[in-house]
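Encoded as structure tokens, the structure appears first; notes follow it.
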Amino acid sequence: PMEDEDLASLSVYKFQKLVKKDEGSVHRRLRSIKDDADWLASFVRRLDCNFPLFANLRCGAWYSPSFDGTCYFKSTDGHYGSWEFNLSRINLHVAEKCTENGGIVLVDSTRKGKPYPDSFNRTIPIWIGVINSIVADRKKAQGEGDFSDWKELSVPSWIDPSERNQIEKRIPQFVEKIMSNAVLLSNIDDLSRKMKKPLKALLFNPNSKFWEIDWSSLEFYPVICVSASRIQTDDDTDYIQGAGDDEESWAMGLTYQMFWDNWEDILDSGSNIETFIQQVKENHEMKFKESLQGESDVDVEELKKCFDFFGNSGIAIGNSPQGKEGKEKRKGERKGEKKKESA
């Protein structure tokens, strides 16, 4: 235990992080993540839509061992009064995948006290409003007709009408940002030729009522935003809502790839979990170093696996020390292991 003088020497920020670590042990967090991931897998099956599953980095990436892609919708872009559309987070690949597949499922989470992250409440509706508006303008310019109804901003019902109106007034200036960028505008024109209807967000969490949906009958492409964590109650002491958030404060260098590659052993390690996580990290680092031994040239394709790229923007976030193995490769390895066990 810390002495009074030790506590006094801590900055407020460090003290808050210390309290957070005490209140949410690594084991509780990872167990909560696993429980939420189980619910998410079940929910996706119930959707019965075959839409690609994307993680909203970085929190969302913890909630499934296998995503079809990643995106980056930042919650702060949707904070009240600071609504923003950042070209470095344009996420055009999400709109493209949504259009190609008839819809898309995005996964994120949020901490106790909120049913949805601000990335779902505001950032994604703003993004959809901008994409729909500029595509509508480009279609009209190309003589395809009047698509003015695409420009209506759709936000969750709990967003105050006054806030909605303020956001809507900013959409034209966000559109202008893209219009002034020749490269992005060319990509938008490609998207415009593919889009036959507007995008629209649908929000779900474990506390939501679910209804059967005929996806092919919708007059829009659904952007299904799933907040993976249930709303935590005061007596739900063993569970941590949004446990994957702020990983720097609790994960001890463990990445979501490392977790899902070793989740059973990690959760079974009990009180030795911190020591076991250190072993997992060391094993991954050793494998990565071994993979580099004897290599005279850098394998660019292998190097790319170390990062999550945001579409074709050239922007990426490093994902793990050993690099990100392809989803198909992991599936193949699992199948191979199961065949060996059954042999």
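The values are calculated or read from the model by the stated rules, or taken from the named source; none is laboratory data. Just so you know, these numbers come straight off a predicted model, no measurement behind them. Cβ coordinates were reconstructed from backbone atoms using ideal geometry, including for glycine residues, and neighbour counts include every protein chain displayed. With ligands, DNA and RNA removed, areas are computed over all heavy atoms of the protein, side chains included. Shrake-Rupley method; radii C 1.70, N 1.55, O 1.52, S 1.80 Å.
Which members of the range 116-158 meet the condition of being polar (S, T, N, Q) and either without any contact (Cβ under 8 Å) to a residue 40 or more places away in the chain or surrounded by fewer than 19 Cβ atoms within 10 Å (Cβ to Cβ) (or both)? If you could, list the steps in order and put the result at the bottom.
Step one: of the range 116-158, the residues polar (S, T, N, Q) are 119, 121, 123, 132-133, 142, 148, 154, 157.
Gln142, Ser148, Ser154, Ser157 - these are the residues of the range 116-158 that are polar (S, T, N, Q) and either without any contact (Cβ under 8 Å) to a residue 40 or more places away in the chain or surrounded by fewer than 19 Cβ atoms within 10 Å (Cβ to Cβ) (or both).
Filtering the range 234-260 down to residues that are free of Cβ contacts under 8 Å to residues at least 12 places away in the same chain and open to solvent by 70 Å² or more (accessible area, probe 1.4 Å), which residue is nearest to Glu285 (Cα to Cα)? Here the residue is Glu248. Counting the residues of the range 186-199 that are surrounded by 13 or more Cβ atoms within 10 Å (Cβ to Cβ) and not in a helix (DSSP H, G or I) gives 4. Looking only at the range 200-233, residues that are open to solvent by less than 20 Å² (accessible area, probe 1.4 Å), within 13 Å of Phe120 (Cβ to Cβ) and not in a loop (DSSP other than H, G, I, E, B) come to 6 in all.
Please verify whether Arg45 is assigned to a helix (DSSP H, G or I), without any contact (Cβ under 8 Å) to a residue 40 or more places away in the chain, surrounded by fewer than 23 Cβ atoms within 10 Å (Cβ to Cβ) and of a type outside the set (A, V, I, L, M, F, W, C), treating the condition exactly as stated.
Working: assigned to a helix (DSSP H, G or I): yes; without any contact (Cβ under 8 Å) to a residue 40 or more places away in the chain: yes; surrounded by fewer than 23 Cβ atoms within 10 Å (Cβ to Cβ): yes; of a type outside the set (A, V, I, L, M, F, W, C): yes.
For Arg45, the condition - assigned to a helix (DSSP H, G or I), without any contact (Cβ under 8 Å) to a residue 40 or more places away in the chain, surrounded by fewer than 23 Cβ atoms within 10 Å (Cβ to Cβ) and of a type outside the set (A, V, I, L, M, F, W, C) - is met.
Given the structure, is Val183 part of a helix (DSSP H, G or I) and exposed (fewer than 13 other Cβ atoms within 10 Å of the Cβ)? When the stated conditions are applied, Val183 passes them. Within the range 48-71, the set of residues being assigned to a loop (DSSP other than H, G, I, E, B) and touching a helix residue (DSSP H, G or I) at 6+ places or on another chain (Cβ under 8 Å) comprises Cys49, Asn50, Phe51, Pro52, Arg58, Ser64, Pro65, Ser66, Phe67, Asp68.
Based on what the data block shows, is Gly113 among the small types (Gly, Ala, Ser), at pLDDT 95 or above and open to solvent by 10 Å² or more (accessible area, probe 1.4 Å)? Lay out the reasoning, then the answer.
Details: among the small types (Gly, Ala, Ser): yes; at pLDDT 95 or above: no; open to solvent by 10 Å² or more (accessible area, probe 1.4 Å): yes.
No.
Of the residues making up the range 75-100, those that are of a type outside the set (Asp, Glu), open to solvent by 10 Å² or more (accessible area, probe 1.4 Å), in contact with a helix residue (DSSP H, G or I) (Cβ under 6 Å, 6 or more places away or on another chain) and closer than 15 Å to Cys225 by Cβ number 1.
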